Amino acid sequence: MTPAPKTYVRPMNRWWMRHPAYRRYLLREGTSVMVAAYALFLLAGMVCLVLGEAAFNLWRGFLQSPVSVIFHLAALAAFAFHAWTWFKVMPLTTPPIRFRGRSVPDRMIFRAALWAWGIASLILLVLAMRFL
Amino acid sequence: MRTRSHEPIVWSLFGAGGVFAALLGTMLVLIIGILVPMGLGFGPDAMHYDTLRSLFGHPLPALGLAVVISLFLFHGAHRIYHTLHDLGIPASKKIMLACYGSAAAGSGAALLLAGMLVVF
Amino acid sequence: MSQTRTIMIECLRYDPEQDQAPHYRTYEVPFTDEMSVLEGLQYIKDHLDGSLTFRWSCRMAICGSCGCMVNHQPILSCQSFLRDYYPARIRVEPLEHFPIVKDLVIDQSDFLGKLESVTPYLVPAQPLTPEDGPNLQTPRQIEDYLGYAQCINCLLCYAACPQYGLNNEFTGPAALALLARYNADSRDAGQKTRMEVVNAEEGVWGCTLVGLCSEVCPKHVDPARAINRNKINSTQDYFLRFLAPFGRGS
């Protein structure tokens, strides 16, 4: 056997600068930081709710502050981008769906998911208006 | 013989969290952070302490909230764990424990709080 | 005869006997509308610098040997045209994430090992002889795997996959797509052997669905789909083995 030739392996530093698709990917993954942060924010609300009215009013009062509005606008953008990208790749992760012997095209699955997003949001809004 | 990955456990939680976040997340944030504080479609008494105590005094809403929080945490932990690897912090037992461990701790706390809201 | 213009081609050069690290050299290449990037490289080799080394064979996007990076995009150089980049200069580099042997030539032996590991051939349920006659399939059964069967092993998907670049233990897009191709074939009974590869950390779980592999595939194989659908199968296999220890795929 001939010895393996000397080769050069290029480093991976700042690999996301090499292609816009990589930056979109990291942005998509980055939404998860906001998802986790929002979970912690809700958890804090739960803690305050258990602690009593005074503590809860602090949390409730924070919602009126500009910091909260900025935080929520950022969270809104993150959740919306998450939803869009989540539904976009959904056809890749679901088992093949057949309808009348033909496989359902990706854009149909994507569209159905967008409808589900809209309907779920509407139901949540109606429930919130009824019970909050 | 290749060793089987245990990723299916966290991947399932990540996936469930991703679905919840995608379907409900935007509206949840919109209601809590924008519509209620600005009084758009909601009165000034919306999300009052008494209202929420009685709402989450029922097991179903309380458990639902805890599950949503828990799944969001696992969704975040999973992606953060892998993204740290992408950004040059190699995947390790330590980071794995930190990510999924905090998600598990947060989930435990959420379930405990839900229980307290129902019982007390 | 179309008009001749001149494009600047910046090319990665690496000579293992001379260089510690790669460097770039720029060439002025006259081209006509119908000239591909490959023909640009051939012009350099024929007229400007005979030492430039690159692989190519069929010139018609079927052999899969002329893959390289143009402006960080993995492409087949025979299938990309200089006119589409002009007047900007182009930067030609060897496929990302593979060791460079010389100039644009990469060492693909790691991939070949991975290809072998997925049992990329039909494993019949019982041994067949010619007397058994042809192994027939319906058009619908062919449709199940035909897309995945188009792979030409050009490795553009590996060059597009940062997960492979970050950790080359990962089996990678093309090999996992071929794994799905044989699993989806009605004549095959080798799913059980391949499941071990699927279930491993370096199997489908090495993928984070960046998705660029499917975008760059010149044959529309869609490895991202093949891999992520197998994540579902692997998850089922992971949990169902406790319920049905003697069932399929356990």
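The values are calculated or read from the model by the stated rules, or taken from the named source; none is laboratory data. Please read all numbers here as calculations on a predicted model, not as lab measurements. FYI the Cβ positions are ideal-geometry reconstructions off the backbone, even for glycines, and counts take in every protein chain you see.
Just a few scattered comments:
- Matching option when the condition is in contact with a helix residue (DSSP H, G or I) (Cβ under 8 Å, 6 or more places away or on another chain) and more than 10 Å from chain A (Cβ to nearest Cβ), among B:HIS78, B:HIS85: B:HIS85
- Among the residues of the stretch A:92-109, those that are part of a helix (DSSP H, G or I) and within 14 Å of chain B (Cβ to nearest Cβ) comprise A:LEU92, A:THR93, A:ILE109.
- The single condition from (1) farther than 23 Å from B:ASP45 by Cβ; (2) at the interface with another protein chain (Cβ under 7 Å from one of its Cβ atoms); (3) buried (at least 16 other Cβ atoms within 10 Å of the Cβ) that A:VAL50 fails is (1).
- Residue that is closer than 30 Å to C:ALA200 by Cα, out of contact with any Asp or Glu (no Cβ under 9 Å at 6 or more places or on another chain), surrounded by fewer than 18 Cβ atoms within 10 Å (Cβ to Cβ) and modelled with pLDDT of 95 or more, where the choices are B:ALA21, B:ALA103, B:ALA16: B:ALA16
- Residue within the stretch B:80-91 that is under 30 Å from A:ARG60 (Cα atoms) and of a type outside the set (Ser, Thr, Tyr) present: yes
- The number of residues in the stretch C:113-146 being hydrophobic (A, V, I, L, M, F, W, C), free of Cβ contacts under 8 Å to residues at least 24 places away in the same chain and surrounded by 12 or more Cβ atoms within 10 Å (Cβ to Cβ) comes to 3.
- A:TRP117 being within 7 Å of chain B (Cβ to nearest Cβ), surrounded by 12 or more Cβ atoms within 10 Å (Cβ to Cβ) and not charged (D, E, K, R): yes
- Residue among A:ARG107, A:ARG100 that alone is loosely packed, with under 13 Cβ neighbours inside 10 Å and closer than 24 Å to C:SER214 by Cα: A:ARG107
- Residue pairs whose Cβ atoms lie under 8 Å apart, separated by 6 or more positions or on different chains, with the first residue in the stretch B:50-61 and surrounded by 12 or more Cβ atoms within 10 Å (Cβ to Cβ) and the second modelled with pLDDT under 95 and part of a loop (DSSP other than H, G, I, E, B), are B:THR51/A:LEU132; B:THR51/B:ASP45; B:LEU52/A:LEU132; B:LEU55/A:LEU132.
- Scope the stretch A:7-42; condition more than 18 Å from C:ALA159 (Cβ to Cβ), in contact with a Lys or Arg (Cβ under 9 Å, 6 or more places away or on another chain) and of a type outside the set (D, E, K, R); matching residues: A:GLY30, A:THR31, A:SER32, A:VAL33, A:VAL35, A:ALA36
- Residue check, B:ALA91 in contact with a Phe, Trp or Tyr (Cβ under 8 Å, 6 or more places away or on another chain), more than 7 Å from chain A (Cβ to nearest Cβ) and either touching a residue at least 40 places away in the same chain (Cβ under 8 Å) or within 22 Å of A:SER121 (Cβ to Cβ) (or both): no
- B:ASP45 vs. criteria at pLDDT below 95 and of a type outside the set (Gly, Ala, Ser): yes
- Complete set of residues in the stretch A:13-39 that are outside any helix (DSSP H, G or I) and out of contact with any strand residue (DSSP E or B) (no Cβ under 8 Å at 6 or more places or on another chain): A:ASN13, A:ARG14
- Enumeration of residues in the stretch C:29-72 that are among the polar types (S, T, N, Q), surrounded by 15 or more Cβ atoms within 10 Å (Cβ to Cβ) and in a loop (DSSP other than H, G, I, E, B): C:THR53, C:SER65, C:ASN71
- When C:ASN183, C:ASN199 are checked against the criterion of being within 14 Å of chain B (Cβ to nearest Cβ), polar (S, T, N, Q), touching a Phe, Trp or Tyr at 6+ places or on another chain (Cβ under 9 Å) and surrounded by 21 or more Cβ atoms within 10 Å (Cβ to Cβ), a single residue qualifies: C:ASN199.
- Taking each residue of the stretch A:42-57 that is in contact (Cβ under 8 Å) with a residue 40 or more places away in the chain and looking for partners that are exposed (fewer than 14 other Cβ atoms within 10 Å of the Cβ) with beta-carbon atoms closer than 9 Å, six or more apart or interchain, yields nothing.
- With a requirement of 1 or more residues that are more than 19 Å from A:TRP86 (Cα to Cα), the helices (runs of 4 or more DSSP H) lying completely within the stretch B:1-117 that satisfy it span B:7-20, B:49-55, B:59-86.
- Criterion: in contact with an Asp or Glu (Cβ under 9 Å, 6 or more places away or on another chain) and over 22 Å from C:HIS97 (Cα atoms) - qualifying residue of C:ALA189, C:ALA177, C:ALA184: C:ALA184
- Inspection of the stretch C:13-22 identifies no residue that is more than 14 Å from every other protein chain (Cβ to nearest Cβ), closer than 19 Å to C:PRO74 by Cα and modelled with pLDDT of 95 or more.
- Within this structure, C:ALA149 fails the test of being part of a helix (DSSP H, G or I) and either surrounded by 19 or more Cβ atoms within 10 Å (Cβ to Cβ) or touching a strand residue (DSSP E or B) at 6+ places or on another chain (Cβ under 7 Å) (or both).
- Residues that are assigned to a helix (DSSP H, G or I) and farther than 29 Å from C:PRO124 by Cβ are absent from the stretch C:171-188 altogether.
- Check on C:ASP103, acidic (Asp, Glu), within 14 Å of chain A (Cβ to nearest Cβ) and either within 19 Å of C:ALA174 (Cβ to Cβ) or surrounded by 13 or more Cβ atoms within 10 Å (Cβ to Cβ) (or both): yes
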